[in-house]
Amino acid sequence: MKLENKSIKQLRDTADKIFNKYVVLRDGQCMYGKIYGGCSGVLQCSHVVAKGTCSSLRYDEKNAKCLCLKHHIWGWHLRDVEQAKKYVDWFVEYYPERWEYVQEKKAEYKRDRTFRITKDYYIDIIKKYKAKIKELDVK
Ligand SMILES: [Zn+2]
C-alpha cells in the first residue's frame, strides 16, 4: 500500500517499526549489556524519554538506544524507581551529551505546545529512516 493511502494509525505503526529496526541495526547490540553483560531476549529500541511523555522525541535517534528485552522491560522500565535508577545512571554516565539534549528537548516540548503530528510528518519519518537503514546496510 502506498504510504499516502495509509491511515494515520497505520503510518504510526510503520514509522515505529522502521525506527525500531534502524536503532537495532545502528547499535547492533544491547548497549547496557555491552558494559554489564547479562542480556536475554530479542534486541529492541528503547526510548530515553518515554514516547508518551514527549512525542517530539519519539523518532529522535538521540533519544533511542538498543537494549535487549530483559534490560529494556525488566531494567529501564522497572516500576521501582530505586532499582531503575542504575539504568538511568548508566545512560547519563556513558552518554552525557545525549542526556542533556533530550532533557532540553523535553523542556522545549512542554513550553511550546505547537508540536503537531500529521500524516506527512509520519511519511517523512518513514522515508528518513528507510534511507538511513539503506546506508547502514551498505557499510
Ligand atoms: Zn541487555
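A short reminder: the numbers here are calculations on the coordinates, not readings from a lab. Note that the structure is predicted; figures quoted are calculated from it, not measured. Quick reminder, even Gly has a Cβ in these numbers, built from the backbone with ideal geometry, and neighbours come from all protein chains shown.
I need the full set of residues from the stretch 20-66 which are closer than 22 Å to ASP124 by Cβ and among the aromatic types (Phe, Trp, Tyr), in order please.
TYR22, TYR59
Here is a yes/no grid of residues against (1) among the polar types (S, T, N, Q); (2) in contact with a Ser or Thr (Cβ under 6 Å, 6 or more places away or on another chain); (3) without any contact (Cβ under 8 Å) to a residue 24 or more places away in the chain:
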residue: ASN63; (1), (2), (3): yes, no, no
residue: TRP76; (1), (2), (3): no, yes, no
residue: VAL81; (1), (2), (3): no, no, yes
residue: ASP89; (1), (2), (3): no, no, yes
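For the stretch 24-56, how many residues meet the condition of being part of a helix (DSSP H, G or I), away from the ligand (no atom under 14 Å from the Cβ) and aliphatic (A, V, I, L, M)? If you could, list the steps in order and put the result at the bottom.
To start, the set of residues in the stretch 24-56 that are part of a helix (DSSP H, G or I) comprises 24-27, 33-36, 55-56.
Now drop any that are not away from the ligand (no atom under 14 Å from the Cβ), which leaves 25-26, 55-56.
Next, only the ones that are aliphatic (A, V, I, L, M) stay: 25.
Residues in the stretch 24-56 being part of a helix (DSSP H, G or I), away from the ligand (no atom under 14 Å from the Cβ) and aliphatic (A, V, I, L, M): 1 in total.
Tell me which residues, restricted to the stretch 69-102, are over 26 Å from VAL42 (Cβ atoms) and either within 16 Å of the ligand (Cβ to nearest atom) or surrounded by 14 or more Cβ atoms within 10 Å (Cβ to Cβ) (or both).
TYR101
Can you name the helices (runs of 4 or more DSSP H) wholly within the stretch 71-139 that have at least 1 residues being over 24 Å from ARG26 (Cα atoms), more than 15 Å from the chain's Cα centre (by Cα) and β-branched (Val, Ile, Thr)? Talk me through it step by step, then tell me what you get.
Details: elements: 81-94, 96-111, 119-138.
Passing ranges, in order: 81-94.
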